[in-house]
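This report concerns only the one structure given below.
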Amino acid sequence: MAQPERNSQKDNKRGGDPNFNWRGVVLFAIAFALIGLALLFRGGTGYGTEEDVPYNRFLELVEHKQIVNDPKFPLHLVVEDGRPTQTIRGAYSRPGVGNAPPQQVPFRTTIYLNFTTDLQEKLAAAHVPIAIKTESNVLAQAVIGFVPIALFLLILYFLFRQQIRMAGKGALNFGKSKARMLARDKNKITFKDVAGVEEAKDEVQELVEFLRDPKKFQKLGGRIPKGVLLVGPPGTGKTLIARAIAGEADVPFFSISGSDFVEMFVGVGASRVRDMFEQGKKSAPCIIFIDEIDAVGRHRGHGVGGGHDEREQTLNALLVEMDGFDTQEGVIIIAATNRPDVLDPALLRPGRFDRQITVNLPDVKGREEILRVHSKKVKLAEGVDLAVVARGTPGYSGAELANVINEAALLAARRGLKGITLAELEESRDKVRWGKERRSLALSEKEKTNTAYHEAGHALLLELLEFTEPLHKVTIIPRGPSLGSTMWLPLEDKYTQRRKELLDDLVVGMGGRVAEEIVFGDVTSGARGDIQMATRLARKMVCEWGMSDKMGMVEYGEHEDYVFLGRDISRARDYSEATAEQIDQEVRKLVDDAYARAKEILLANREKLEVIAKALLEYETLDGVQIREIIEHGRLINPPPGPPPPAGSKLAPEKPPKQIVVAPDVAPPLGGGLSGAPA
């Protein structure tokens, strides 16, 4: 999602230097003014612009009687204290050009009286009177002497200004909150930009209405919620909802990350929490948004190696400020996390976080709305149905859907298209979820043949079994970490799985290894991902979902989506060693039964397996329709565009090759599962 521009320095009075350093400009102006004044005191005469005349030239002017004896320009010998030289100032007569009258030109001549003792005699012989004038400009000399030192000190100040501030003012602000106020004119995101999470929008919309008109709810005795916790997987739009609240509510909005509280110095985090609520109290009613609150709100006492640490002090301060003895009214806390299992129970109780809003992955309708929001920024080709794309992206988050649109736009630009077509959207979908095709990866014929039979085993079982999802595409082109991929997808969004579906999924997972064993009489390491998936699925069936007749409907172990080391280390296993052995036997039995069943089906359909594998070696990528043609007719009727197979091949079509065009209303969705041989 696009990040709104953060608040400017005008909105954040506490942090950062201003963009325009007017203090430095003023200091430099004062320095240059002092230099100018010094020069003015040193050289001011009242004669205006003077011509510098050498001493020899001055003597010639005296001999030719060109020195002007005028009260406006009296001839002066200026003597300054402390200077070895003196200055003669006056004016001389310059002949005019043509019939023009002569001009009087002010001049100045620098002399050394020690070397010009006959000057007065020459002036007297020429009948030019001269007056002696004494000047004392101590102030100008002192300023001129001090200016270089002052400029040097100013340069040092600007060079070390940051260090000076950190040594003084910065140390006092170390415990200040880093919360940033979001400028209202900078935040352009509203609820119109949030799609696919309608229930979450309804709950936060009520919060915005409360801030706008609290009397509407207080008439019935309701009070404003203290806190709202947004919980959901990454990329579902939790932070986006908070920005939309800031855009809708006409109240101050402070934003801070959970990691901004904790520092290396003890007590800083708690001080920042108190300062943050102090800022909020001054701006109440207001909203404070804490992103990734699990960085500071983890269970107390579960830290590995100790209980009391800096993070726990920060959490204690947060608990007290949210609902302690001195409660701050009008300050609403909105927090976001994707790890609610690690948060301290005291933080989750009513009175602190009154509401927990779950922001789940969007359904097919929500995905279509999200795609429409992001497609406004790009140019789609005519006839592109975003509903088809939405049906083909089950399990995609809002961030992934935004990335799909962006990748499709980049791909269309590279191809020189005027708009994004459905082909670019499908390719970008595969790239976002499974990685980019690695066509440059050089595989030997032996590796390609092995991968083709491996993927053919998965694809054939997907079509032959009753409770599997429809096959979308199978390819032997390396993509991401796998050398080949078999992709399937659900016809609709699924939130539960039946036991028969899970058993068939186990059989499909065994298909690649079984095909290798049947064809080559040997196996490879390419089934590592399949084995990992099957083992994890079988263990969940036994330990969590009660799908083992022998073990019954009992949960073995406390299973969480994420590992929390501090809690899991101290947790003891709640079943015996004998039970653990039975669990392992049941898991092994489920996997072995799936392997045997996969082997039985593939042996009975060996010819179809061969045809699918050879078609993959020929065309590299086949879709579900073409796989079903092979199963039904024993050969490809409508192969994909590409080089024709050699004459006499079983893959040779009866009709000329043509591209399959599927109507949008019956087109298979773009997305689903993935199975393949990892690299």
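The values are calculated or read from the model by the stated rules, or taken from the named source; none is laboratory data. Treat the numbers as computed from the prediction; the structure is a model and nothing was measured. Methodologically, a virtual Cβ is constructed for each residue, glycine included, from the backbone with ideal geometry; neighbour enumeration extends over all protein chains shown. The area values use the complete protein model at the heavy-atom level, side chains included, leaving out ligands, DNA and RNA. Shrake-Rupley method; radii C 1.70, N 1.55, O 1.52, S 1.80 Å.
The residues listed here are Leu386, Leu347, Leu371; of these, the one that is buried (at least 19 other Cβ atoms within 10 Å of the Cβ), free of Cβ contacts under 8 Å to residues at least 60 places away in the same chain and under 21 Å from Gly280 (Cβ atoms) is Leu347. Across segment 480-531, what is the number of residues that are within 19 Å of Leu465 (Cα to Cα), among the small types (Gly, Ala, Ser) and in contact with an Asp or Glu (Cβ under 6 Å, 6 or more places away or on another chain)? Final tally of qualifying residues: 2.
Results for (1) open to solvent by less than 30 Å² (accessible area, probe 1.4 Å); (2) modelled with pLDDT of 90 or more, shown as yes or no for each residue.
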| residue | (1), (2) |
| --- | --- |
| Val378 | no, yes |
| Thr393 | yes, no |
| Ile405 | yes, yes |
| Ala408 | yes, yes |
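Scanning segment 365-374 for residues that are β-branched (Val, Ile, Thr) and in a strand (DSSP E or B) turns up nothing.
Residues that are open to solvent by 10 Å² or more (accessible area, probe 1.4 Å) and acidic (Asp, Glu) within segment 419-475 comprise Glu426, Glu427, Glu437, Glu445, Glu447, Glu463, Glu466, Glu469, listed in sequence order.
Could you check Gly557 against (1) modelled with pLDDT under 95; (2) exposed (fewer than 14 other Cβ atoms within 10 Å of the Cβ) and say which number it fails? Gly557 satisfies every listed condition except (2).
Among the residues of segment 400-431, write down those that are assigned to a loop (DSSP other than H, G, I, E, B) and under 17 Å from Arg372 (Cα atoms). Spell out how you get there, then give the answer.
Applying the first criterion (assigned to a loop (DSSP other than H, G, I, E, B)) to segment 400-431 yields 415-419, 421.
The answer is Gly419, Thr421.
Of all residues in segment 197-224, those that are under 13 Å from Ala242 (Cβ atoms) and modelled with pLDDT of 80 or more have Cβ atoms under 8 Å from Cβ atoms of residues that are among the hydroxyl-bearing types (Ser, Thr, Tyr) and surrounded by 17 or more Cβ atoms within 10 Å (Cβ to Cβ), 6 or more apart or on another chain, in Val197/Thr236. Taken over segment 50-106, the residue count meeting the criterion of being surrounded by fewer than 16 Cβ atoms within 10 Å (Cβ to Cβ), charged (D, E, K, R) and over 18 Å from Lys122 (Cβ atoms) is 7. Restricting to segment 230-256, name every residue that is surrounded by fewer than 19 Cβ atoms within 10 Å (Cβ to Cβ) and at pLDDT below 85. Those that are surrounded by fewer than 19 Cβ atoms within 10 Å (Cβ to Cβ) and at pLDDT below 85: Asp250, Val251. Name the pairs whose Cβ atoms lie under 8 Å apart, with the first residue in segment 512-526 and open to solvent by less than 10 Å² (accessible area, probe 1.4 Å), the second among the basic types (Lys, Arg), and 6 or more positions between them or separate chains? Qualifying pairs under 8 Å: Val514/Lys599.
Among the residues making up segment 464-502, those that are β-branched (Val, Ile, Thr), touching a residue at least 40 places away in the same chain (Cβ under 8 Å) and assigned to a loop (DSSP other than H, G, I, E, B) are Thr468, Ile476, Ile477. If the condition is being of a type in the set (S, T, N, Q) and crowded, with 19+ Cβ neighbours inside 10 Å, then segment 590-638 contributes only Gln626. The condition of being surrounded by 23 or more Cβ atoms within 10 Å (Cβ to Cβ) and touching a strand residue (DSSP E or B) at 6+ places or on another chain (Cβ under 6 Å) holds for only one of Phe261, Phe289, that being Phe289.
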